[in-house]
1. Checking the condition acidic (Asp, Glu), farther than 25 Å from residue 34 by Cα and either open to solvent by 30 Å² or more (accessible area, probe 1.4 Å) or in contact with a strand residue (DSSP E or B) (Cβ under 8 Å, 6 or more places away or on another chain) (or both), which residue from 130, 91, 107 passes?
2. Any chance you could count how many residues in segment 103-145 are within 27 Å of residue 31 (Cβ to Cβ) and over 16 Å from the mean Cα position of the chain (by Cα)?
3. What is the residue count in segment 4-19 for residues that are within 11 Å of residue 42 (Cβ to Cβ) and in a helix (DSSP H, G or I)?
4. Check whether at least one residue in segment 63-72 is among the small types (Gly, Ala, Ser), outside any strand (DSSP E or B) and at pLDDT below 95, and report yes or no.
5. Search segment 44-73 for residues that are in contact (Cβ under 8 Å) with a residue 12 or more places away in the chain and pair each with any residue that is loosely packed, with under 12 Cβ neighbours inside 10 Å and in a helix (DSSP H, G or I) when their beta-carbon atoms are under 8 Å apart and the residues are at least 6 apart or on different chains.
6. Which ones in segment 97-132 are touching a Gly at 6+ places or on another chain (Cβ under 9 Å), aliphatic (A, V, I, L, M) and either closer than 14 Å to residue 74 by Cβ or assigned to a strand (DSSP E or B) (or both)?
7. Please go through segment 32-62 and pick out each residue that is under 25 Å from residue 146 (Cβ atoms), surrounded by 15 or more Cβ atoms within 10 Å (Cβ to Cβ) and hydrophobic (A, V, I, L, M, F, W, C).
8. One residue is enough: does segment 17-30 have a residue meeting the conditions within 22 Å of the chain's Cα centre (by Cα), at pLDDT below 95, buried (at least 19 other Cβ atoms within 10 Å of the Cβ) and not hydrophobic (A, V, I, L, M, F, W, C)?
Amino acid sequence: MEIEKIDQIIDNHHGEASSLIQILLEIQSENNWLPKEALKRVSERLNVPSTRVQHIATFYKAFSVVPKGRHKVHICLGTACHVRGAPRVLDTVQDVTGIKAGETDLDFKFSLETVNCLGCCALGPVLEVDGKVHGKMTPGQTADVLKTYE
């Protein structure tokens, strides 16, 4: 990520340290993750110790300090989804993408995570891609949904 873009995001928040989390969220939104160089620049510009910036970037699950794919795939493994076949949906996603939960593919197309509940139990099993919920999934439907994401 370019330093100019990081500086622009910081300037939009008037360089206020109180906006640290929002600044990190915006950088991640632009870049899909928080590179070490970006964290260093935020620390310098906001005059916040780098250890504090790093702590926040690693503490909150919303942040990632490793590269993530363009498409975030979440598979619900909560009880309702599990009993309706979520493990088979997960297996299909892993087969189609070539990655396991917690990984990102080499092309940075997909990142895969499992979650305990997406809050739509009646639709189980549930696959969520980039915030869009796909309910009552079968393995075949799962493969078809993933093919629509480039």
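The values are calculated or read from the model by the stated rules, or taken from the named source; none is laboratory data. Here the structure is a predicted model, which means the values were calculated and not measured. Don't worry about glycine lacking a Cβ; one is built from the backbone with ideal geometry, like all the others, and counts go over all protein chains shown. Ligands, DNA and RNA are stripped out before the accessible areas are found, and what is left, the full protein with its side chains, is counted by its heavy atoms. Shrake-Rupley method; radii C 1.70, N 1.55, O 1.52, S 1.80 Å.
1. 91
2. Residues flagged as within 27 Å of residue 31 (Cβ to Cβ) and over 16 Å from the mean Cα position of the chain (by Cα) within segment 103-145 amount to 2.
3. 6
4. Taking segment 63-72 as the starting set, the residues that turn out to be among the small types (Gly, Ala, Ser) are 64, 69.
Those left that are additionally outside any strand (DSSP E or B): 64, 69.
Then keep just the ones that are at pLDDT below 95; that gives 64, 69.
Yes: one or more hits.
5. Taking only residues 6 or more apart or on different chains, the pairs are 65/36.
6. 99, 112, 115, 118, 123, 126, 127
7. Once the filter is applied, which keeps residues that are under 25 Å from residue 146 (Cβ atoms), surrounded by 15 or more Cβ atoms within 10 Å (Cβ to Cβ) and hydrophobic (A, V, I, L, M, F, W, C), segment 32-62 yields only 33.
8. Checking segment 17-30: at least one residue is within 22 Å of the chain's Cα centre (by Cα), at pLDDT below 95, buried (at least 19 other Cβ atoms within 10 Å of the Cβ) and not hydrophobic (A, V, I, L, M, F, W, C).
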